[in-house]
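Structure, as structure tokens:
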Amino acid sequence: MRWQEYRELAAGLESIEDFWRFAYSRFARAQIDCSQGYQTPKAEAAALLARRLNLEPEELPDWTRARLSPAERETVLAAFFQREILRRPTAYILQEAWFAGLRFYVDERVLIPRSLLEPFIEAGFAPWLQADRVARILEIGTGSGCMAVALAQRFPQAAVDAVDVSADALAVAALNVAAHGLEERIRLLQSDLFAALAGQRYDLIVSNPPYVDAAAMAALPPEYCHEPRLALAAGADGLDCLLPLLREAPAYLQPGGILALETGDAEEALLTQHPEFPLIWLEHPAGGYGACVLLAES
Ligand SMILES: C[S@@+](CC[C@H](N)C(=O)[O-])C[C@H]1O[C@@H](n2cnc3c(N)ncnc32)[C@H](O)[C@@H]1O
């Protein structure tokens, strides 16, 4: 559908309530994918509508009967069109996403934050680590920098190295590190996994690397095609990054340190093809696994 036709469909809409219902019904019927930061079509409709009107989504119910100005109609409808017809994720349209309760700038240069490691970062990787004893942290594949920032806040005494192979991603991470005032504590480096880190040792290494296998890449919802392929694709079995991380990390860990890895659906390939790694699987509070830790020798 073209933009002009979409505008005509919305010709009779006037109030916030009208626009919210319109987007909600159309998003639900179009079966948009809601796994990139918002849980339901209704929540995505509310976020787009509210943020385009400079409101918070939870404020919409106070204003349901308010009418949109002509300029507001255009900007709101353009956001709905991008979401429904172009399948652009809401986080990219709004250029904002949340991780560990913190706001981040995002655009198509980085993955939209949604790591299974989030609750374990918030818990400070207890019981394996004591926050006041963690002096150096490494994050591999930092993307938007969301995990590096959350780690710096959770471990206030630690210095954080955050690496990515993508210069584009590092440019976005730099914006977020600066927005959170953490330039003194987070060092951003371009590195292919550990390549630029010779001789370094860390108490905690964290990574949410690419781990989508070839079959799953071919079946991704259209929304995921807006994300960098480099952030998702990891070869035939999804292990292209996970295996080198598991093999090389021990040489970069302090005695008593830990590696925390998100594996997602590559968990099964790892378990069946590589039982040699002594992994401790982390049960997510919402159920299921998909993340693990590897303990360095003390
Ligand atoms: C799944 S994203 C994770 C981004 C961010 N940590 C998050 O959780 O939202 C994976 C990131 O790893 C980066 N990456 C891919 N291959 C890499 C490699 N060989 N070395 C370093 N980073 C890599 C990608 O550019 C991408 O930013």
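The values are calculated or read from the model by the stated rules, or taken from the named source; none is laboratory data. Given the structure is predicted, the values throughout are model-derived calculations rather than measurements. Every residue, glycine among them, receives a Cβ derived from its backbone with ideal geometry; neighbour counts consider all protein chains shown.
Assorted remarks:
- Test for A215: is it over 19 Å from the mean Cα position of the chain (by Cα) and closer than 30 Å to T90 by Cβ: yes
- Restricted to segment 116-141, and to residues there that are of a type in the set (G, A, S) and over 14 Å from Q153 (Cβ atoms), the residue that is farthest from the chain's Cα centre (by Cα) is A135.
- Test: residue in segment 124-147 that is free of Cβ contacts under 8 Å to residues at least 40 places away in the same chain and among the β-branched types (V, I, T): no
- Failed criterion for A195 (all others in (1) free of Cβ contacts under 8 Å to residues at least 24 places away in the same chain; (2) part of a loop (DSSP other than H, G, I, E, B); (3) more than 16 Å from the ligand (Cβ to nearest atom) hold): (3)
- Residue that is nearest to P210 (Cα to Cα) [pool: residues in segment 152-171 that are more than 10 Å from the ligand (Cβ to nearest atom) and either of a type in the set (D, E, K, R) or not assigned by TED's automatic domain parsing to the domain that holds Y105 (or both)]: D161
- Residues that are in contact with a helix residue (DSSP H, G or I) (Cβ under 6 Å, 6 or more places away or on another chain), surrounded by fewer than 21 Cβ atoms within 10 Å (Cβ to Cβ) and not charged (D, E, K, R) number at least 1 in the following helices (runs of 4 or more DSSP H) confined to segment 18-127: 41-52, 70-84, 90-94.
- Only one entry of E108, E44, E84 meets the criterion of being of a type in the set (D, E), in contact (Cβ under 8 Å) with a residue 24 or more places away in the chain and within 16 Å of the ligand (Cβ to nearest atom), and that entry is E108.
- In segment 111-146, residue farthest from H180 (Cα to Cα) [restricted to those that are near the ligand (Cβ under 9 Å from one of its atoms) and of a type in the set (S, T, N, Q)]: S115
- Summed over segment 203-248, the residues that are among the small types (G, A, S) and within 13 Å of the ligand (Cβ to nearest atom) give a count of 6.
- The residues in segment 252-269 that are among the aliphatic types (A, V, I, L, M) and within 16 Å of the ligand (Cβ to nearest atom) can be counted, and the count is 4.
- Criterion applied to R87, R65, R51 was being in contact with a Cys (Cβ under 9 Å, 6 or more places away or on another chain) and at pLDDT 95 or above, and the one residue passing it is R87.
Yes/no per residue for (1) more than 30 Å from Q31 (Cβ to Cβ); (2) surrounded by 18 or more Cβ atoms within 10 Å (Cβ to Cβ):
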{"residue": "I186", "(1), (2)": "yes, yes"}
{"residue": "P209", "(1), (2)": "no, yes"}
{"residue": "A215", "(1), (2)": "no, no"}
{"residue": "L220", "(1), (2)": "no, no"}
{"residue": "A234", "(1), (2)": "no, yes"}
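- Of the criteria (1) more than 9 Å from the ligand (Cβ to nearest atom); (2) touching a Lys or Arg at 6+ places or on another chain (Cβ under 9 Å), which one V149 fails: (2)
- Checking Y202 against (1) within 24 Å of F155 (Cβ to Cβ); (2) exposed (fewer than 14 other Cβ atoms within 10 Å of the Cβ); (3) of a type outside the set (V, I, T), the condition it does not meet: (2)
- Only listed residue being of a type in the set (D, E), closer than 23 Å to D192 by Cβ, without any contact (Cβ under 8 Å) to a residue 60 or more places away in the chain and surrounded by fewer than 18 Cβ atoms within 10 Å (Cβ to Cβ), chosen from E248, E276: E248
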